[in-house]
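First comes the structure, then the notes that go with it.
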Amino acid sequence: MVISGIRLPMMTSLIVWAVIWEIAGHTDAGFILPPLSRIIWRVFEIVPTASFLDALLITGRAFLLGNAIAIGIGVPLGILMGRSVIADRLLLPWVNLFLSAPLSALVPVIMVLFGLGETTIVLVVVLFSMWIIVLNTRAGVRAISPSLVEMARSFGANGWQAFSRIYLWAALPEILAGIRLGMIRAVKGVVIGQLLVSVVGFGTLFEIYQSHFLMEHFWALLLVLFSFAFTLNELLAGLERRFAYYAASR
Amino acid sequence: AQSKVRVALGDVLSTETLAMIVALERAKEKGVDYQVTHFSKEDLAIQAVINGQADLGIGTPYAVVQKSKAPLRVLFQGTRLVFFPVADKSYKSWKDMNGQPITFHARATGTEAIGNIIAKREGIQFGERSYVPGSENRIIGMMKGQIKATIVDLANKNLLLEKAGDRFHVLPGVSEPASDETLFGQIEWIKKNEKQVDVIVTEFLRLWQEMAANPGIVEQERTKRKLMADQPKEVLEGITKFYTMATKEGVYAPTGGSAEIAKADFEFYAEAGQMQGPAAELKVEDFWYLAPLERARKALGS
Amino acid sequence: MTPNIAPAEPRQMSGSAPIPPLATRPIVEVKSVSKTYAGGVEALSGISLDFPEGRLTTLLGPSGCGKTTLLKIIAGLIPASGGQVFVDGREVKGPGPERAFVFQDFALMPWASVIRNVAFGLELRGVAHSEREAIAERHIARVGLKGFERKYPHELSGGMRQRVGLARALAVDAKVVLMDEPFSAVDEQTRRKFQEELLELVANEGKSFIFVTHSIEEAVYVSDRIALLSRRPSRVSAIIEPRIVRGGDPEKIRRDSAYLDVVEDIWQQLKHYLD
Amino acid sequence: MTPNIAPAEPRQMSGSAPIPPLATRPIVEVKSVSKTYAGGVEALSGISLDFPEGRLTTLLGPSGCGKTTLLKIIAGLIPASGGQVFVDGREVKGPGPERAFVFQDFALMPWASVIRNVAFGLELRGVAHSEREAIAERHIARVGLKGFERKYPHELSGGMRQRVGLARALAVDAKVVLMDEPFSAVDEQTRRKFQEELLELVANEGKSFIFVTHSIEEAVYVSDRIALLSRRPSRVSAIIEPRIVRGGDPEKIRRDSAYLDVVEDIWQQLKHYLD
Amino acid sequence: MQISDLATALPTRREPPASYWRDALIHPLVLRLVSFAAVLALWEYAGRIPLSPAFPTFLETMGGLSAIIADGTLYKAFLITLHPLVIGLAVSVLLGVALGVLMGLHEPSEWLIAPLFVIAQAAPLAALIPVLTFAYGIGLTAKIMTVCIMAMPVIVLNTLGAVRNTPKSLLEMGRSFLATRSQSIRLVILPAASPMIFAGLRLGCAAAFIGVILAELLITPTGIGDVISYNQSVADYPKMYAAILAIIVFSVLFIELLERIEVTLFRPESRA
Ligand SMILES: Nc1ncnc2c1ncn2[C@@H]1O[C@H](COP(=O)(O)OP(=O)(O)OP(=O)(O)O)[C@@H](O)[C@H]1O
Ligand SMILES: Nc1ncnc2c1ncn2[C@@H]1O[C@H](COP(=O)(O)OP(=O)(O)OP(=O)(O)O)[C@@H](O)[C@H]1O
Ligand SMILES: [Mg+2]
Ligand SMILES: [Mg+2]
């Protein structure tokens, strides 16, 4: 927005919201929504504690592992689906199904099958993030200009060369977007998983704060998680933008 | 080297479950190492033991044992169902509750069992039953006017009366509380690991007896072992207060269980509709394995 | 039907000095090639055509008549449904190092710099990094892009991009250069300049060019031989050899009445294809 | 620099029968218009130009010189940074019913049928449904699309889509039709056909046309007057009036040496803008 | 902010028919059947190994499904689940599209409001559910709110992006034919934006289903959530899986239906 000739960056309006929050926190709503200042104070209290760091470690590890698996499977699968009609028709219904299905309903199943603990969380991460990566990679591969592929072939490229020099690069913007969207979904998935399982990582903390009505702690934890998700999103989006220059010109 | 005993706990590490952890810690000092897995629900803890993912569990496996014929046996009565029916003051007595809606924790759980027994005793029928897990959620519901009557645990009963004592009161509950959380395991595993089981049961019994004399012991042990150390001081400050109250109300019974207690449990759960009766025909040895507890009593000289 | 001008007796532009006959040896021979696409579209039906060595031959025809199809069959990018193609006496089974393709939409890799794009054909052949960069640099300079080696395609104008595509095709030093409407995506002024440059290349490189366009003027202006294709399913409806005396003032040529005759002749033939 | 051909003394094609002078009354007057875009790009600097009524005037110039910008300023779609535009004597403050625009990319609404697209201008004016459909149908038939009324844009070829865009502009019966490179997205054969149709429209409709192209031949062939724009920031570098005798054989005209003279003359001037 | 790429998450609609000779063999319907049969067979096999005592076979699950259908449990559960879902979705759609359009057309409101949704889009909002329970208690309101917070961000941001991405030449076309502001919103911007708005709606719908299940598993077990958690607690796994399967299939069909509605109502050209 432009105010008297000065362009205000988009996110500056968050300051306004922070002020509103602070004021609301000092009213009756303060029981549920404590003032921001006190919540931020709590953030510094919570973060160094062992149980927070523990939760961070467990969650972070599961998150990284899960995403690595999702990317490792999702990208090749997406490329395969983008190139082979048969694979596409066999797999696409499932990818779409998992993409739009309420996966939260599946968390109890995974819990029952794989117990609680990291395996479950890793699986939840994979389940939430993989499908969008597959679908985006597939879209990226399909968007590749046929003449680029023909160009490589006309210079005698073999299958591997076409894959590593053309497909992977040409689909990179979509793949990156898929990874970003997948990671964001995974963050949500992990939180859903931990809320439902409530005893892994941040789930424990949520449960304790909730059962003791410690709203400031609760919000502090939320704030940390939200900022993490947002930062992650922005970082990945930044990476994406570095490749965006050619997304339009393929 | 002994492998760790895997314990499945149907709750997070919190004030209520602290005593059990302290007992396990003490057992560890006696050479029985353990590893706790927390579950969000008791059912899951039971399942983990059935599936062999855990050796010992903490929960109420009666219904599952009867239903699925899983070879689980109870070793120790950890807590008892000390719950308090709370209701809007417009319900003066249980008679007023006839046909009225009531809220329980979840289907086929302790709170509903209590409700069933009371209904039978008072000769009334509840109206619509709804379920809200977590006592804290139920008292929020009460304060928001969404729940008129429910059954909550000690801490939340106190909280409710403190915050809205003008609107709500406690109705008479059941006198002889049944087992809530018990220590149990697969009988095969128990028999194979008698020594470790003995140590653990002994430590549970020892702590429970000490608690009866001095509720502050839990907090002392916690400080010594730095358990829950980084939890908010608001939580920690409440520990001794909780145990003082809880032992007084009989949540943590110092006996640890017996055939009579088992029988009483059968009565209760059968009456509550969670076990198939008649209670008199249920055999204690199908549900309990009392040998370790008896040995523990002997060891502690009581 | 369209007046068929027999290939044996190609038309010549009148009034010019005697011109040596086109080199007789054909570098590319298309022998009754036909192509039916999967959907049942019959694009080519039994086309036979020779392309003289060292010259520029143009495929001209209405939109959708199968020019691109024929060019890709020659390139070995798609298989013919029938017939054979010989390049330099050997039958075409797939892409080969003696042919290079220049694409209508340039087909540059947007993530690679100009020099890497130009060196791509060599990279795929396993030529060492420093060597291929040296070759690429030479060809970049050749098409007038010196100084742009480290730029990326999106930083170049359409005309410059097509020069990169051309340099890439020249860098692999193929005998036959296949060009599919290479100038259709650049503006008219640039296009004219390209035409001059193309004529220069044909004169100096000793390569054979096969060129696709649907601009009649362009075809007449740059070609040594024009194959006029009929509507789909395509056959050769005429072979025309404009025989223009090069080297003069481009403007003069464009006003030469012989040049204009050929243009009009082709236009009359193509008119049939408009409804 | 480019030889400046003063607007006062427009060039004429020689050797033809005497042609009546262009209508003196200008329907559109552009008075020292300049435009600097927000980013600081100066697209136009003080352009003054008259557009004669009932004629077709072309804006011709190198790519990016500001032709579209000027056309949009005349259409009232973007404001000028300085100067004024008068249409029919009234100053332009925004779009008006006396002007209609034909877009290079057609700007058809993909969700609306041909007839609804054509009737859109009337729909916006609140003309009743049956009435506007009747008018639209007439114009659809006029551009040769009878029978396609209920089709959707994606079912049409590029040439047909542009006819829809043209019909839409004609349907609102504006005095001035503004066309931004309307034929650049269609193939050459169709383009030539369009040029003939355009000439017919100019002759019969009594409307004034402002036309943007960067094809020199096209400009010379269809225009009554050509304004040659210089490179950005744009000024008028010459005004040329080809004065072609219409109605003859198109092929003849394209070979007329006067026609070719004008083409070459413009070509020489534009050459400066190539590097 | 990345708005445009939200739409990439969409299933591609209407693939161009691939044209290979083996078309008959790989007819989409045939392949789809093959694909479903293969997965179900795999499920049946995994259930029979068994993978875990808690993992029923496909046939057992079907048995469970017919049982809960026969005794009316499923039907009642769906009615209960749909209640917050439908209300929440309706609120999200109306409010979300309105907010998105407002922000797309009015820059100051975008400046003020969009960042909230950008954050909400990235943040794991499910964690707010306990707070919602505090604020709204355990009733219907909390569940509706859950559905809203899950569904709204993607709807709002997609609508905003859609309005922003209206082709410039269409806008200019409207203006050149003297469209008033409201005409150009009604006749140009909204129709042009509708595919992407609907893309957002589909994503929002998927999120709403996640939200309502979560609400039923976390706030109070009612409807499908209750069938799932009750059968889990009494170890009746076939019924538990049947309920999960039912809600997943239902949500997928619901979203499919939404797409059909979109095509019939708003995209006449893709029917032609
Ligand atoms: N992969 C394909 N599958 C089916 N039909 C095809 C395919 N490629 C081209 N065609 C059809 O074959 C015919 C010839 O196509 P081609 O691209 O060779 O024409 P062209 O002469 O190059 O046209 P243009 O001048 O438009 O480039 C067209 O009718 C086209 O629709
Ligand atoms: N919205 C805008 N903001 C900033 N610069 C612009 C904008 N629109 C056009 N320009 C710049 O103004 C100059 C003139 O643009 P314009 O589109 O009028 O050129 P043109 O003569 O129509 O070119 P072309 O032949 O390529 O259509 C160009 O340099 C262009 O980059
Ligand atoms: Mg082609
Ligand atoms: Mg332009």
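With +1 on the Cβ of every Lys and Arg and -1 on the Cβ of every Asp and Glu, and nothing else charged, how large is the dipole of chain C about its Cα centre, in debye rounded to the nearest 20?
460 debye
Determine, at each q value in 0.11, 0.23 (inverse angstroms), the log₁₀ of I(q)/I(0) that the Debye formula gives when each Cα of region B:190-302 is one equal point scatterer.
Reported log10 I(q)/I(0), two decimals: -0.51, -1.17.
Among E:99-109, B:45-55, A:71-81, how do they line up by average Cβ neighbours within 10 Å per residue, starting with the highest?
Details: E:99-109: 18.5, B:45-55: 23.0, A:71-81: 20.3.
Ranked from most to least packed, the peptides come out as B:45-55, A:71-81, E:99-109.
Which residue, E:Phe198, E:Thr220, E:Gln183, has the largest displacement toward the positive end of the dipole of region E:175-251 when charges sit on each Cβ (Lys, Arg +1; Asp, Glu -1)?
Comparing the listed Cα positions along the dipole, E:Gln183 ranks first.
What are the equivalent ellipsoid semi-axes of region C:185-230, built from the alpha-carbon gyration tensor (square roots of five times its eigenvalues), in whole angstrom, biggest first?
Working: eigenvalues 56, 53, 13 Å².
Ellipsoid semi-axes (Å, largest first): 17, 16, 8.
Using alpha carbons only, what's the Rg to Rh ratio of region A:93-232 with Rh from Kirkwood?
Numbers: Rg = 20.1 Å, Rh = 17.4 Å.
Answer for region A:93-232: 1.15.
Determine, from the Cβ-Cβ distance of C:Arg231 and D:Arg125 and an R0 of 35 Å, the FRET efficiency 1/(1 + (r/R0)^6), rounded to the nearest 0.05.
Values: r = 43 Å, r/R0 = 1.24.
That gives a FRET efficiency of 0.20.
Roughly how many debye, to the nearest 20, is the charge dipole of region B:1-108 about its Cα centre, given +1 on each Lys and Arg Cβ, -1 on each Asp and Glu Cβ, and no other charges? Spell out each step's value before the answer.
On the way: 14 positive and 10 negative charges, 65 e Å.
Dipole size: approximately 320 debye.
Which order do the peptides C:78-84, C:176-182, E:134-140, A:14-20 come out in when sorted by mean C-beta neighbours inside 10 angstrom, highest first? Don't skip to the end; give the middle numbers.
Numbers: C:78-84: 15.3, C:176-182: 23.4, E:134-140: 20.6, A:14-20: 12.4.
Descending packing order for the listed peptides: C:176-182, E:134-140, C:78-84, A:14-20.
For D:Lys146, which inter-copy label distances result when the label point lies 7 Å beyond Cα on the Cα-to-Cβ vector, reported in nm to one decimal and in ascending order?
6.4
In whole angstrom, and with the biggest value first, how far do the Cα coordinates of region D:107-219 range along each principal axis?
On the principal axes, region D:107-219 reaches 42, 31, 20 Å in Cα extent.
For an R0 of 41 angstrom, estimate the FRET efficiency from the Cβ-Cβ distance between B:Lys192 and A:Leu65 and round to the nearest 0.05. Intermediate values should be presented prior to the final figure.
Working: r = 35 Å, r/R0 = 0.84.
Efficiency, from the Cβ-Cβ distance: 0.75.
Give me the inter-chain shielding for A:86-95: mean count of other chain Cβ atoms within 10 Å, whole number please. Mind showing how you got there, number by number?
Numbers: counts 7, 1, 6, 11, 8, 2, 7, 8, 3, 1.
The per-residue average across the peptide is 5.
Over all Cα pairs of chain E, how is the pair count split among 10 Å bins, expressed in % and running from 0 up to the last occupied bin?
For chain E, the pair-distance distribution reads 6, 23, 27, 24, 14, 5, 1, 0.
Provide, for q = 0.18, 0.19 Å⁻¹, the log10 of I(q)/I(0) from a solvent-free Debye sum over equal Cα point scatterers in region D:162-275.
For the requested q values the scattering log ratios are -1.03, -1.14.
Kirkwood hydrodynamic radius, computed over distinct alpha-carbon pairs, for chain A: how many Å, to one decimal?
Details: mean 1/r = 0.0484 Å⁻¹.
Roughly 20.7 Å, rounded to one decimal.
Give the Cα extents of region E:50-96 along the principal axes, in whole Å, largest first.
Extents along the principal axes: 48, 26, 12 Å.
Cα convex hull of region B:250-302: mean projected area in nm², to one decimal? Walk me through the intermediate numbers first.
Values: hull surface 16.9 nm².
Orientation-averaged projected area of the Cα hull: 4.2 nm².
Averaging sequence separations of C-alpha pairs under 8 Å and six or more residues apart, then dividing by the length of region E:205-255, give the relative contact order as a whole percent. Please list the in-between numbers first.
Details: 33 pairs, mean separation 15.7, N = 51.
Over region E:205-255, the number comes to 31 percent.
What distance in nm separates the simple spin-label points at E:Leu51 and A:Ser164, each placed 7 Å from Cα in the Cβ direction?
So the label points at E:Leu51 and A:Ser164 sit 3.6 nm apart.
Looking at the P(r) of chain C, how many percent of alpha-carbon pairs lie beyond 28 Å?
Values: 13566 of 37675 pairs.
Percent of Cα pairs beyond 28 Å in chain C: 36.
Could you state the number of Å between the C-alpha centres of region A:85-138 and region A:147-216?
12 Å
Restricting attention to the alpha-carbon atoms of region A:1-74, what are Rg (one decimal) and Dmax (integer), both in Å?
Over region A:1-74's Cα set, Rg and Dmax evaluate to 19.2, 51 Å.
Given H placed 1.01 Å from N in the peptide plane, which residues other than close sequence neighbours of C:Gly83 have an amide H under 5 Å from its amide H?
Counting only residues 5 or more places away or on other chains, the set is C:Ser34.
How long is region D:68-164 along each principal axis, judged by its Cα atoms, biggest number first, in Å?
46, 29, 22
Restricting to Cα pairs below 8 Å that are 6+ residues apart, what does the relative contact order work out to for chain E? Please round to a whole percent. Each step should come with its number before you reach the end.
Values: 296 pairs, mean separation 71.3, N = 272.
Answer for chain E is 26 percent.
Would you please give the residues with an amide H less than 5 Å from that of C:Leu56, counting only those at least 5 places away or on a separate chain, with H modeled from the backbone geometry?
Result for C:Leu56 returns C:Phe209, C:Asp224, C:Arg225.
How well do other chains shield peptide A:9-22, expressed as the mean number of their Cβ atoms within 10 Å of each residue Cβ? Display every interim value, and only then the final one.
Numbers: counts 2, 7, 6, 3, 9, 5, 0, 3, 5, 0, 0, 0, 0, 0.
Across A:9-22, the average partner-chain Cβ count within 10 Å equals 3.
Could you tell me what fraction of 2.2 N^0.38 Å the Cα radius of gyration of chain B comes to, as a two-decimal ratio? It would help to have the intermediate numbers written out before the result.
Working: Rg = 19.2 Å, N = 302, 2.2 N^0.38 = 19.3 Å.
Relative to the rule-of-thumb radius for its length, chain B sits at 1.00.
Per residue of region C:87-97, in order, report the coupling 6.51 cos²θ - 1.76 cosθ + 1.60 (Karplus, θ = phi - 60°) as ³J(HN,Hα) in whole Hz, putting x for Gly and Pro.
Calculated HN-Hα couplings, in order: 10, 6, x, 9, 6, 7, 10, x, x, x, x Hz.
Taking the label point as lying 7 angstrom from Cα along the Cα-to-Cβ axis, what are the distances from D:Ser32 to the corresponding position in the remaining copies, in ascending order and in nanometres?
7.7
Would you mind checking the tilt of helix C:129-142 against the longest principal axis of the Cα atoms of chain C, expressed as 0 to 90 degrees and rounded to 10?
The helix C:129-142 is inclined about 50 degrees to chain C.
By how many degrees, 0 to 90 and rounded to 10, does the Cα axis of helix A:85-100 deviate from the longest principal axis of chain A?
Between helix and principal axis, roughly 10 degrees.
Suppose you put the label 7 Å out from Cα in the Cβ direction; list, shortest first and in nm with one decimal, how far C:Phe86 is from each other copy's label.
Those label-point separations list as 7.6 nm.
Using amide H atoms built in the peptide plane, which far-off residues or other-chain residues are under 5 Å from D:Gly76 H to H?
Hits under the 5 Å cutoff: none.
Other chains near A:140-149: what is the mean number of their Cβ atoms within 10 Å of each residue's Cβ?
Mean number of neighbouring Cβ atoms from other chains: 3.
Compute the helix-to-body angle for A:215-244: its Cα long axis versus the longest principal axis of chain A, expressed 0 to 90° and rounded to tens.
It is inclined by approximately 20 degrees.
What's the magnitude of the charge dipole for region E:68-207 around its Cα centre, counting Lys and Arg as +1 and Asp and Glu as -1 at the beta-carbon? Answer in Debye, nearest 20.
Numbers: 8 positive and 4 negative charges, 46 e Å.
Value, rounded to 20: 220 debye.
With an 8 Å Cα cut-off and a minimum separation of 6 or more residues, compute the relative contact order for chain D in percent. Intermediate values should be presented prior to the final figure.
Numbers: 513 pairs, mean separation 76.8, N = 275.
About 28 percent, as a whole number.
If every alpha-carbon in the protein assembly as shown counts as one equal scatterer, what log10 I(q)/I(0) does Debye give at q = 0.07 1/Å?
Listed by q, the Debye log ratios stand at -0.87.
Report, to one decimal in Å, the Kirkwood hydrodynamic radius for region B:1-59 based on all distinct Cα pairs.
On the way: mean 1/r = 0.0871 Å⁻¹.
This gives a value of 11.5 Å.
Arrange the peptides E:243-255, C:107-119 so that the one whose residues have, on average, the most other Cβ atoms within 10 Å appears first.
Ranked by mean Cβ neighbours within 10 Å, highest first: C:107-119, E:243-255.
Rule-based calculations on the coordinates, nothing more; no lab input. This structure is a prediction, so every number in the text was calculated from the model and none was measured. A quick note on method: Cβ atoms are made from the backbone with ideal geometry, for glycine too, and the neighbour counts reach across all protein chains shown.
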